[in-house]
Amino acid sequence: MSDIWEGLRAAAWLLISFDADLWEITLRSLRVTLTALLIACVIAMPLGALLVLRRFWARRFVIALLNSLMGLPPVVVGLIVYLMLSRSGPFGVLNLLFTPTAMVIAQVIIITPLIASITHQALRELWSEYHDLLISLNTSIFQRVRTLLWDGRRTLLTAALAGFGRAIGEVGAIMVVGGNIDNATRVLTTAIALETGKGDFAMALGLGMVLIGLAVTVNLAIHWLTGTERAGRW
Amino acid sequence: MKRSIFASLAAVFLAAPAFADDMKLAVTTSFHNSGLSDILLPALTEDTGIEVQLLVVGTGQALRLGEAGDVDAILVHSRAAEEAFVEAGYSTARREIMYNDFILVGPLADPAQAGQATSIRDALWAISGGTAPFVSRGDDSGTHKRELNLWDTAGMNPVNADWYRATGSGMGAALNTAAGMGAYILTDRASWLNFGNKDGLMVIFEGDEALFNQYAYLKVSPELHDHVQAMTAARLEAWLVSDRAAELIDGYEIDGQKLFTFNAVR
């Protein structure tokens, strides 16, 4: 129990003292995860919509695959990305290993199936409502995707936030491909793992509190920027 | 307001880090946990301008990173594995830098009476009675290899015993596990002194020559990987065996205890 109070005190002290290292790793966490989220959304949302609209022979298989990949262990993704980006791997010449870019790649792979799956579930309901209208208007596939994505934007926000949550709290993959290098690839989660390893539970817990605070702030900010939860809009 | 938020977000995304005279060095968790790297690296940068990016991993993973050419040099402590690494051509030479020692840590009550042993061999025999669990790193690290070697030398193979718990984790995590279980564990002195969660644990046995722990520096050979920073890695080696490094290594203390002894051959 005393460890928890120590953790709270450490978190408060880190924030009050405006710790420079803390700012650096927090901003890096945000940069990596938001970049990964942006890329994953651009891939996953149109993919989810297409899976609703297009009937092709492998559709069921793709949907089942996406649903299964939601449970992919991050450390496996980390290992695969490591082997790809290693100097001895196929993309070694790009020299991306142990950089924030490698961490973004790993996180995109982890959260794309999750976002695509939720998008697909959400838009399937919407499509059953819009089906007759959009068919009778003789819309193109591109127009249909656009309409579904725009009118389903609120549930898509949930999908994006779920992706954000999984990525910001992830440690297994980015530890392997980022290497937790001080001043280069250390982020909040890998720093927490490091402090736990040192037995400095108060510091680890303090960083954990900062991570939770960050996630809450980002969630609130996205709701505010997109104007949801307000009268007359949804 | 919204515009300024987007602008500051954009600034966060576009701020790309740039590195000049830098190299990647894989070190073992036990070395990093000792805190010595926090003393050596700033002094190194001050003297030579080299910025070292540390990758803190187990010896097994450090050797793999070196084999793949993903780091420029490694600093590890597992002689047999290092010699195999040089033998296979991944490095041209193994340079001994310094040593510290391993210690046997266990519960305050010492239920196996291992503290009364006169050698590490006897201490391990006492623990093999099974009165308390023994936590092993189980992660192919230098400490793990040494531990297996000590059991082997003592003529025992406890890996399948029910009191033997292989955790497959780093030094700090394994110490946390031992603290939680009230178990015995082999650790290096540096990690122990820097460890923050010593509750219920104490040093049970120390001082046997068989517990000597040699650290060596190995540059990754540019023969196999022409992209490695061979020049920078060589400059780091020259600095590590310099008088300045010797002074810092020998002078490093935690709670008044000296941790490392410099023994590079110059």
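What follows is calculated from the coordinates using simple rules that are stated; it is not laboratory data. Since we're looking at a predicted model, the values are computed, not measured. Note that we place each Cβ from the backbone using ideal geometry, even for glycine, and neighbour counts take in every protein chain shown.
Data overview
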{"quantity": "Average beta carbon contacts from partner chains per residue of A:194-205, 10 Å cutoff", "calculated": "6"}
{"quantity": "Taking B:K145, A:K198 and counting other C-beta atoms within 10 Å, the order from fewest to most", "calculated": "B:K145, A:K198"}
{"quantity": "Hull volume in cubic angstrom per residue (convex hull over the Cα atoms of the protein assembly as shown)", "calculated": "194"}
{"quantity": "Amide H contacts of B:I103 (H built 1.01 Å from N, under 5 Å, at least 5 apart or other chain)", "calculated": "B:T187, B:D188, B:R189"}
{"quantity": "Using θ = phi - 60° and Karplus 6.51 cos²θ - 1.76 cosθ + 1.60, couplings along segment B:164-179 (whole Hz; Gly, Pro as x)", "calculated": "9, 10, 8, 8, x, 9, x, 4, x, 5, 5, 5, 4, 5, 4, 4"}
{"quantity": "Rounded to whole Hz, the Karplus (6.51, -1.76, 1.60) HN-Hα couplings of segment A:64-79, x for glycine and proline", "calculated": "4, 5, 4, 4, 5, 5, 4, x, 4, x, x, 5, 5, 4, x, 5"}
{"quantity": "Dipole magnitude (debye, nearest 20) for chain B, charges at Cβ of Lys, Arg, Asp, Glu", "calculated": "640"}
{"quantity": "In Å, descending, principal axis extents of the Cα set of chain B", "calculated": "63, 57, 37"}
{"quantity": "Relative contact order of segment A:86-234, pairs being alpha-carbon contacts under 8 Å that are 6 or more residues apart, as %", "calculated": "25"}
{"quantity": "Mean Cβ count within 10 Å, highest first, over the residues of peptides B:187-197, A:72-82", "calculated": "B:187-197, A:72-82"}
{"quantity": "For B:D22, residues with placed amide H under 5 Å, excluding near neighbours", "calculated": "B:E51"}
{"quantity": "Other protein chain Cβ atoms within 10 Å, averaged over every residue that makes up B:49-57", "calculated": "4"}
{"quantity": "Residue of A:A106, A:A116, A:A215 that the Gaussian network model of chain A assigns the largest fluctuation, springs spanning Cα pairs under 10 Å", "calculated": "A:A215"}
{"quantity": "Shape of segment B:100-211, Cα gyration tensor, a/c cut at 1.5", "calculated": "rounded"}
{"quantity": "Number of partner chain Cβ atoms within 10 Å, mean per residue of A:87-93", "calculated": "4"}
{"quantity": "Two-decimal ratio, segment A:23-130, of alpha-carbon radius of gyration to 2.2 N^0.38 Å", "calculated": "1.24"}
{"quantity": "Per DSSP, loop GluC sites (Glu not before Pro) in segment B:150-223 with at most 16 further Cβ within 10 Å", "calculated": "B:E206, B:E223"}
{"quantity": "Radius of gyration, Dmax [segment A:2-223; alpha carbons; angstrom]", "calculated": "20.1, 66"}
{"quantity": "Relative contact order [Cα under 8 Å, 6+ residues apart], segment B:100-211, whole percent", "calculated": "46"}
{"quantity": "Beta bridges per DSSP with both ends in the protein assembly as shown, % antiparallel, nearest 5", "calculated": "60"}
{"quantity": "Dipole of chain A, positive end: most advanced residue of A:M175, A:L214, A:S140 [Cβ charges, Cα centre]", "calculated": "A:S140"}
{"quantity": "Folded to 0 to 90 degrees: helix A:188-197 orientation relative to chain A principal axis, Cα", "calculated": "40"}
{"quantity": "13 Å Cα-Cα reach of B:K198 towards aspartates and glutamates, excluding residues that sit fewer than 8 places from it in its own chain", "calculated": "A:D200"}
{"quantity": "Estimated dipole of segment B:108-266 in Debye, rounded to 20 [Cβ of Lys and Arg +1, of Asp and Glu -1, Cα centre]", "calculated": "120"}
{"quantity": "Residue (of B:V76, B:T143, B:V52) at the positive-pole extreme of segment B:21-163, dipole from beta-carbon charges", "calculated": "B:T143"}
{"quantity": "Options B:L224, B:V86, B:Y164, ranked by Cα towards positive dipole end of chain B, top entry (Cβ charges)", "calculated": "B:Y164"}
{"quantity": "Sites A:I4 and B:K198 - FRET efficiency at Förster radius 30 Å, r taken between beta-carbons, to 0.05", "calculated": "0.95"}
{"quantity": "Eligible lysines near B:K24 by straight Cα distance, threshold 26 Å, same-chain separation 8 or greater", "calculated": "A:K198, B:K145, B:K219"}
{"quantity": "Amide hydrogen neighbours beyond the local backbone of B:L55, cut-off 5 Å, H modeled", "calculated": "B:L25, B:A26, B:V27"}
{"quantity": "Tensor-based shape of segment A:175-218 (alpha-carbon gyration tensor, a/c under 1.5 rounded, otherwise prolate or oblate)", "calculated": "oblate"}
{"quantity": "Nearest-0.05 FRET efficiency for B:T118 and A:I212, computed from C-beta distance (R0 35 Å)", "calculated": "0.10"}
{"quantity": "Extension gain from A:E129 to A:I39, taking 0.36 nm per residue of separation minus the Cα-Cα distance", "calculated": "29.5 nm"}
{"quantity": "The protein assembly as shown, dipole about Cα centre (Lys/Arg Cβ +1, Asp/Glu Cβ -1), debye to the nearest 20", "calculated": "2820"}
